[in-house]
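Below you will find the structure I want to go over with you.
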Amino acid sequence: MFEVRGFAAPQAKAPLVPFTVPRRDVGPHDVHIEILYSGICHSDLHQAHNDWGNSIYPMVPGHEIVGRVKAVGSAVKKFKVGDYAGVGCMVDSCRECESCKRDLEQYCLNHTSFTYNGTEQDRSTPTYGGYSTDVVVEERFVVKVSEKLDLKAVAPLLCAGITTYSPLRHWNVGPGQKVGVVGLGGLGHMGVKFAKAMGAHVTMITTSASKGADAKRLGADAVLLSTDAEAMKAAAASFDFLLNTVPVSHDLNPYINLLKLDGTMVLVGVLTPIDGMIGGALMLPRRTIAGSAIGGMAETQEMMDFCAEHGIVSDIELVDMASINETFVRLTKNDVRYRFVIDMATMPG
Ligand code: NAP
Ligand code: ZN
Ligand code: ZN
C-alpha cells in the first residue's frame, strides 16, 4: 500500500477537503497511472451530495481519468511505462457472469466495482476516484488513449463519451435518422458530436436559448427550445431516436410526444422516480422508453478509437483542484461549457 494526495467529500453536502488516498501496490495485472486530468461529471455532484442515497464517505469522486503509465505489473500486456491511459466508471467486475462474458461489465450480475463510491471485488475495500494524483487499476479496466488527441479534452470521454456513444450504437443510429439530444451539458454535447459523426440528422433539444449557436458549432443541424410549447408541438412525432441526458426528474411527456411510430427515447440522466408519465402517449403511436448505463470496456476502447479517427474530444474548461467547491456550485447552476476538467498538476502539495 502507498499513499497519494487527493480531495474527498467527508460527508454529504460538506465541502471537499484535501485527503490522503491509499492505493494498493502494483500487482502482476495492474497498471499504475499518474493522473494528469480528471473530468467532473454531474454524477460526482449527485454522489458527493448523496442524491441517490447510496453514498459512502469519505468519498474521492472522479471517473473520467487520463494520465501517463508510471509502472506496470509483470503480466501486463497492453501497456508500457510512458503510455497514455484512461480509466472510466469501473475498475473491476466478476468477469465470469453472462454480462461480463459479453463485455458488458457495467451490468455485472455479481458486483461491478465502480471507480469511487464503491468497493473492490471483496465488497469491503472502498474504491477512491480520480480527484487524486495516482491510481492503480487492473489492465482490463484501462483503455489506451491516442497521442493524436488533446489529452485534457479526452478525460470526459471516459464517462460522458461512452455513456452517449453506447446507446447511439446499440440502437443503430445512423444516416437517414432524425435524432434529438435532450440537455446540452457534458453528456449532451458528446451526444451531438457522436450522433453527427454517425451520420444522423441531429437536433439539440435545450432549455437554454443561449446555447443555440453553440449547439450548431458542435454539429447540430437544428435546435429546438423545449420551453417553447409551439415549437414542441410543431416537432411532434418527428424523431426516430431521443437521447435524454437531463439530470433530474422532469416531465417526460413533451419529449415522448416528439417520437415517431417505433421511435425510442433512451434515458441516461435521471436515476430517481419519474411521476406523471402518460401511458397512452407510449401506445399511440407505438413508442419505447429505455435506459442505458455507461458502456463495457471493449466498447469504451472502440469509442476511444472512433474519437481518434474522427478527431472528437470534449469542449472543456480546465479548473484547479483547490477550486473544486466553487466549480461544483457552477455545475449546479448549469454554468458549464461543456465539461470541467481538473488539471492535476494543481493538486496542493
Ligand atoms: P450536466 O453537464 O449538468 O448537463 C445536464 C444538462 O441537462 C444541462 O446542461 C441542461 O441542458 C439540462 N438540464 C438541467 N436541468 C434540467 C431540467 N430541470 N430540465 C431540463 N433540462 C435540464 O450533466 P451531465 O454531466 O451531462 O450528466 C447528466 C446526467 O447523466 C446526470 O444525472 C448524471 O448523473 C447522469 N449520468 C449517467 C450516466 C449513465 O451511465 N447513465 C453516466 C454519466 C452521467 P440545457 O441547458 O441544454 O437544457
Ligand atoms: Zn460520469
Ligand atoms: Zn460479472
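Every residue in the range 46-98 that is assigned to a loop (DSSP other than H, G, I, E, B), over 30 Å from residue 328 (Cα atoms) and of a type in the set (Val, Ile, Thr), please.
76, 81
A further question follows. Could you list, ordered by first residue, the pairs with Cβ atoms under 7 Å in which the first is in the range 80-106 and free of Cβ contacts under 8 Å to residues at least 40 places away in the same chain and the second is aromatic (Phe, Trp, Tyr), at least 6 apart or interchain?
99/107
Could you check how many residues of the range 20-57 are more than 16 Å from ligand 1 (Cβ to nearest atom), under 20 Å from residue 131 (Cβ atoms), in contact (Cβ under 8 Å) with a residue 24 or more places away in the chain and surrounded by fewer than 18 Cβ atoms within 10 Å (Cβ to Cβ)?
Number satisfying all stated conditions: 5.
Report whether or not residue 339 is of a type in the set (Lys, Arg) and surrounded by 14 or more Cβ atoms within 10 Å (Cβ to Cβ). Show your work before the answer.
Working: of a type in the set (Lys, Arg): yes; surrounded by 14 or more Cβ atoms within 10 Å (Cβ to Cβ): yes.
Yes.
What are the residues in the range 181-202 that are in contact (Cβ under 8 Å) with a residue 24 or more places away in the chain and more than 12 Å from ligand 1 (Cβ to nearest atom), if any?
193, 194, 195, 196, 197, 198, 199, 200, 201
Right, something else. Out of (1) buried (at least 17 other Cβ atoms within 10 Å of the Cβ); (2) at pLDDT 95 or above, the odd one out for residue 251 is which?
Exception for residue 251: condition (1).
While we're looking at this one, here's another question. Can you find a residue in the range 287-295 that is part of a loop (DSSP other than H, G, I, E, B), charged (D, E, K, R) and closer than 21 Å to residue 211 by Cβ?
no
Quick one: would you say residue 236 is among the small types (Gly, Ala, Ser) and free of Cβ contacts under 8 Å to residues at least 24 places away in the same chain?
yes
The values are calculated or read from the model by the stated rules, or taken from the named source; none is laboratory data. Bear in mind the structure is a predicted one, so any value in this text is a computation, not a measurement. Ideal geometry is used to build each Cβ from the backbone, glycine not excepted, and the neighbour counts take in all protein chains shown.
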